[in-house]
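Below is one structure, written out as structure tokens; the observations come after it.
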Amino acid sequence: MKPVSEKQVSPRRVILLVDVDYFFAQCEEARNPSLRNKPVVVCVYSGRNGESGVVSTANYEARKHGVKSGISISLAKKRLMNVDAVFLPVDHEYYNRVSDEVMSILKKHADIFEQAGVDEAYLDVSKRVKGDFDRAVELAKKMKEEVKRSMGLTCSIGIGPNKLVAKIAADFQKPDGLTVVKPEEVQGFLSPLPVNRLIGVGVKTQGLMESLGIKTIGDLASYDVRKLIELFGEKLGVYFHNASRGIDNQPVKERGEASSISRISTLREDTRNLEAILKKTSELCDEIHAELLRRGLRAKQVGIIVITKDMAVHNRSKTLEQPTSDPEAIKKNVRGLFEKFLREPGLEARRVGVRVSGFVKEEGQKQLRAFIPS
Ligand code: TTP
Ligand code: MG
């Protein structure tokens, strides 16, 4: 008999959900620290007059006054009437760039990575922590520190044996939370929570469940599954039954190929010294090279990203004659772009990054791979 290889023994699942706290408002605080400690309200103005529109999100200072996503701007203004509050319009371009950076930090720590929204992602870390929840806690702390250090943002992380539990755990303690729910703790954790914590239980369903005496997830777990099917249909009834017991087998799934790969890092000090910058970007180029190899891609465009002290983001890029995955070719182009960039006076880099895009498949490698048993 063949010996059982390590590969065949899969560790128990350990899933993380990372969600950035009050994301749009925290992005605003990150680029303008004088906003911290004040209520900050990020608004989608409808343009008709200064007051019409809705609140996109608000920081926790504003939430103390009852201001939250979805309420009207005029109501938010009323609630913050006697307070020194700041109202800002949404700046999606900026939030998307911050999101890309946060995601690239998180991704490094996952076996399987799934971005689930602009500020949240699921990470399957089962293999790297060998199914050990204590190790996962250490990993989560490290990730929180890294996001804080390089982006100035706090996030909340939930750890559980599946996506459903991880998601509820992440919401359990916010902001800057870390909640771990081990497999044996799942039922005890879920039972006292209100049913609307489960995805799919909206206001209407919650009302209906309440009329049946189901208030908590625990109530739902002990409710007869046949009755749930009668009331909600086969699919939803079974889902509610399983979800209330913390059962969820959905895999963490990588989303389709990203259209670019980027790596960004903070310099030791703000600088315009070319060699100091290239020393840092050289490491980033090596990481990008590894990622290109992993995905079997070559890139046609090479770009640099420079974030200056005021958090302004500068991008420069170049199209190559031949697509490449060669680290030396990437480094050479990065050097050229920085030489040119630094001719512009006055700009001091705080963070620097490298981005490659315009991918083509590495055909040779793909064919070769087909012969290597996986
Ligand atoms: P969420 O993660 O739901 O909310 P949040 O990050 O603002 O707050 P927290 O996680 O601390 O509870 O949403 C992420 C971003 O999506 C949010 O910052 C703004 C945007 N958003 C809206 O524009 N409208 C909405 O109704 C919601 C819920 C979010
Ligand atoms: Mg969030």
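Things worth noting here:
- Note on the chain: with neighbouring protein chains present and a 1.4 Å probe, carbon and sulfur make up 51 percent of its accessible heavy-atom surface.
- The modelled label-to-label distance between D132 and K68, using points 7 Å beyond Cα along the C-beta direction, is 3.9 nm.
- Normalised by the number of residues in the chain, the average gap of Cα pairs under 8 Å and 6 or more apart makes the relative contact order 14 percent.
- With a cut-off of 13 Å between beta carbons, the residues surrounding E328 carry a summed charge of +1, where Lys and Arg count +1 and Asp and Glu -1.
- In plain terms, the chain from L320 to V203 could stretch by 36.7 nm, reckoned as 0.36 nm per residue minus the Cα-Cα distance.
- Cα gyration tensor shape for the chain, rounded if a/c is under 1.5, else prolate or oblate: oblate
- Helical contribution to [θ] at 222 nm, DSSP H n ≥ 4, -39,500 (n - 2.57), averaged over the chain, rounded to 500: -11500 deg cm²/dmol
- Per-peptide average of other Cβ atoms within 10 Å, ordering 317-330, 148-161 highest first: 148-161, 317-330
- Database remark: amide H of G177 closer than 5 angstrom to the amide H of S156, I157 (H placed geometrically; neighbours at sequence offset of 5 or more, or on other chains; Pro and chain starts carry no H).
- At R0 = 41 Å, FRET efficiency that the Cβ-Cβ distance of K300 and K142 yields, to 0.05: 0.75
- Modelled FRET efficiency - R0 30 Å, M311 with A290, Cβ distances, 0.05 increments: 0.60
- Summed over the residues of region 260-371 and divided among them, the accessible surface reaches 55 Å² per residue at a probe radius of 1.4 Å.
- Förster radius 51 Å - calculated FRET efficiency between S357 and Q187, Cβ distance, rounded to 0.05: 0.65
- Loop-resident sites, region 7-73, for trypsin sites (Lys or Arg not before Pro), counting at most 15 other Cβ within 10 Å (DSSP): R12, R36, R48, K64, K68
- Virtual spin-label span in nm between K174 and Q250, 7 Å along Cα→Cβ: 1.7 nm
- Set K127/K182; K300/K332; K64/K182 screened for pairs whose C-alpha atoms are more than 20 Å apart: K64/K182
- Length released on extending from L88 to T154, taking residue separation times 0.36 nm less the Cα-Cα span: 21.7 nm
- Net charge contributed by nearby residues that have their C-beta within less than 11 Å of D91 (K/R +1, D/E -1): 0
- Within the listed set R135, R268, R298, the Gaussian network model of the chain (springs between alpha-carbon atoms below 10 Å) gives the highest mean-square fluctuation for R268.
The values are calculated or read from the model by the stated rules, or taken from the named source; none is laboratory data. If you're wondering where the values come from, they're calculated on a predicted model, not measured in any experiment. Virtual Cβ from ideal backbone geometry, glycine too; neighbours counted across all protein chains shown. To get the accessible areas, we keep the full protein, side chains included, count just its heavy atoms, and leave off ligands, DNA and RNA. Shrake-Rupley method; radii C 1.70, N 1.55, O 1.52, S 1.80 Å.
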